[in-house]
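Asker: Got a structure here, written out as structure tokens. Questions coming.
The values are calculated or read from the model by the stated rules, or taken from the named source; none is laboratory data. Here the structure is a predicted model, which means the values were calculated and not measured. Calculation scope for accessible area: heavy atoms of the full protein, side chains included, ligands and nucleic acids excluded. Shrake-Rupley method; radii C 1.70, N 1.55, O 1.52, S 1.80 Å.
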Amino acid sequence: MRVEDFDMFSTLLKQRSGLVLTRDKAYLLESRLMPVARKWNMKGLEELATTVRTRKDEALLRDITEAMTTNESSFFRDQKPFDQFRQLVLPKLMEARAAKRSLRIWSAACSSGQEAYSLSMILNDEAAKLAGWRIEIVGTDISAEMVERAKSGIYTQFEVQRGLPITMLVKHFKQNGDKWQISQQLRQMVSFREWNLLGDLSALGQFDIVFCRNVLIYFDQPTKAKVLESISRQMPQDGVLYLGGAETVLGITDKFKPVDGQRGLYSMGGFSAAGAKVA
Ligand SMILES: C[S@@+](CC[C@H](N)C(=O)[O-])C[C@H]1O[C@@H](n2cnc3c(N)ncnc32)[C@H](O)[C@@H]1O
């Protein structure tokens with residue numbers, strides 16, 4: 001790939017999705033953008049680059065942006081955050097919201113929906129305690145294709161074998177040929193929308209619990225700070241934020257602080273895990 005084309009694509013991607021690509025990732029750009037060039041009946045990446053420069057076709061720019069997203073996800077990914085959610089965060093916030101009886105949960109950068117559905121399974125287990133509560137789970141992602149997949153709730157054998165306990169598979173999924181679809185009941189608990197974390201988040205409303213995992217790793221420091229600050233505006237003081245295992249707020253923003261003794265969990269200061277034990 002020509003250096004000027006690499007620079008043009010990487011600038012475009014940084015602006016549109018926050019993705020930072022260094023020159024050693026040129027092979028990634030090539031392998032992921034070739035299918036886009038073919039889809040648009042172009043001979044190769046030079047023609048794709050020329051078209052982007054000369055014609056600002058939004059559909060083409062979206063295809064390029066989506067092709068470069070990494071959509072890796074799995075049910076109950078890393079397990080610990082979900083144990084923490086069930087044993088610590090949910091009981092504490094239910095206590096704090098006892099009068100209001102409502103909780104809103106956001107899976108920001110939800111990919112194909114496994115994170116949001118994992119949460120819905122936990123909430124379904126706790127249904128008796130949550131009777132009369134208004135619980136909302138919202139999943140958002142920049143990729144229209146991922147949002148459609150998440151809405152369908154359909155997964156391959158490989159996907160349901162990764163991290164999903166067999167009891168949950170049997171309880172909540174129906175097999176259809178070589179695919180598995182999550183039950184209508186759980187699909188009704190979750191809504192999915194296309195949303196860019198770099199944009200205005202205010203229309204999404206306020207969330208008590210935010211899972212924003214394994215997406216900040218693709219951004220540079222100023223973008224991470226901007227996204228974390230936008231997220232903080234959508235949360236109350238005692239809300240909690242989950243980041244991925246390779247992500248932190250430390251050295252990036254002072255809006256959030258780590259929750260004592262709880263790895264990967266952050267709050268704006270109003271949430272305390274004092275006395276809590278997560279098995
Ligand atoms: C590696 S997946 C993480 C999925 C899930 N959170 C998890 O931890 O399993 C990263 C997701 O972030 C999405 N993404 C990347 N940039 C984004 C942006 N600017 N706004 C919203 N979503 C974005 C991608 O489309 C992709 O689905």
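Asker: Once the Cα atoms of helix 114-125 and of the chain are each reduced to a long axis, what angle between those two axes, in degrees from 0 to 90 to the nearest 10, is obtained?
Answerer: 10 degrees
Asker: Then there is this: Angle, helix 26-39 long axis vs. longest principal axis of the chain, Cα atoms, 0 to 90°, nearest 10?
Answerer: 80 degrees
Asker: Once the whole set of protein chains is in place, how much accessible area is left on residue 209, using a 1.4 Å probe, in Å² to the nearest 10?
Answerer: 0 Å²
Asker: I've got another one for you. Pop out the carbon and sulfur fraction of the accessible area of the range 80-267 as a percent, whole number, probe 1.4 Å. All intermediate terms of the calculation are to be shown ahead of the outcome.
Answerer: On the way: 4320 of 8320 Å².
Carbon plus sulfur share of accessible area: 52 percent.
Asker: Per DSSP helix of 4 or more residues, -39500 (n - 2.57); summed, then divided by the residues of the chain. What does that give at 222 nm, rounded to the nearest 500? Mind dumping the intermediate values first?
Answerer: On the way: 12 runs with 110 residues, N = 279.
Here the helix-only value at 222 nm equals -11000 deg cm²/dmol.
Asker: Hey, another quick one. Hey, in the GNM for the chain with a 10 angstrom Cα cutoff, which one of 225, 131, 37 fluctuates hardest?
Answerer: 131
Asker: Using a 1.4 Å probe, what is the accessible area per residue for the chain, in Å²? Intermediate values should be presented prior to the final figure.
Answerer: On the way: 13350 Å² over 279 residues.
Per residue, the chain has an accessible area of 48 Å².
Asker: Would you mind calculating the gained length between residue 229 and residue 179 on full extension (0.36 nm times residue separation, minus the Cα-Cα distance), in nm to one decimal?
Answerer: On the way: separation 50, 0.36 × 50 = 18.00 nm, distance 3.91 nm.
Stretched fully, the residue 229-residue 179 segment lengthens by 14.1 nm.
Asker: What order do 32, 23 take when sorted by accessible area (1.4 Å probe), most exposed first?
Answerer: Details: 32 65, 23 145 Å².
If we order 32, 23 from most to least accessible, we get 23, 32.
Asker: Out of the total accessible area of the range 3-68 (probe 1.4 Å, heavy atoms of protein only), what percent is carbon and sulfur? Write out the running numbers ahead of the final one.
Answerer: Numbers: 1940 of 3600 Å².
Carbon and sulfur atoms account for 54 percent of the accessible area of the range 3-68.
Asker: Restricting to bridges with both residues inside the chain, how much of the DSSP beta-bridge set is antiparallel, in percent to the nearest 5? Show your work: numbers first, answer last.
Answerer: Details: 12 of 31 bridges.
So the antiparallel bridges amount to about 40 percent of the total.
Asker: Oh, and also: Any idea what angle helix 58-67 forms with the longest principal axis of the chain, computed on alpha-carbon atoms, 0 to 90 degrees, nearest 10?
Answerer: Between the helix axis and the principal axis of the chain, the angle is about 70 degrees.
Asker: Report ³J(HN,Hα) in whole Hz for each residue of the range 2-9, in order, from the Karplus equation J = 6.51 cos²θ - 1.76 cosθ + 1.60 where θ = phi - 60°; Gly and Pro get x.
Answerer: So the J values, rounded to whole Hz, are 5, 4, 5, 6, 4, 4, 5, 5.
Asker: Viscosity 0.890 mPa s, temperature 25 °C: Stokes-Einstein D of the chain from its Kirkwood Cα radius, in µm² per second?
Answerer: On the way: Rh = 20.1 Å.
After rounding, the answer is 122 µm²/s.
Asker: Further question: Name the residue, out of 232, 74, 31, whose mean-square fluctuation peaks in a Gaussian network model built on the chain with Cα pairs under 10 Å.
Answerer: 31
Asker: With viscosity set to 0.890 mPa s and temperature to 25 °C, compute the Stokes-Einstein D of the range 181-279, Rh being the Kirkwood radius across alpha carbon pairs; µm²/s, no decimals.
Answerer: 167 µm²/s
Asker: More than 13 angstrom separation, counting every C-alpha pair in the range 3-68; what % is that? Write down the numbers at each step before the final one.
Answerer: Numbers: 1269 of 2145 pairs.
Roughly 59 percent, once rounded to a whole number.
Asker: If one computes the Cα centroid of the range 59-85 and of the range 122-143, what distance in Å separates the two points?
Answerer: The range 59-85 and the range 122-143 have Cα centres spaced 19 Å from each other.
Asker: Compute a Gaussian network model of the chain, connecting alpha carbons closer than 10 Å, and tell me which residue from 101, 38, 149 fluctuates the most.
Answerer: Most flexible of the set in this elastic network: 38.
Asker: Let me ask something else. Taking H placed 1.01 Å from N in the peptide plane, check which residues at least 5 places from residue 240 or on another chain put their amide H under 5 Å from its amide H.
Answerer: Correct list: 209, 210.
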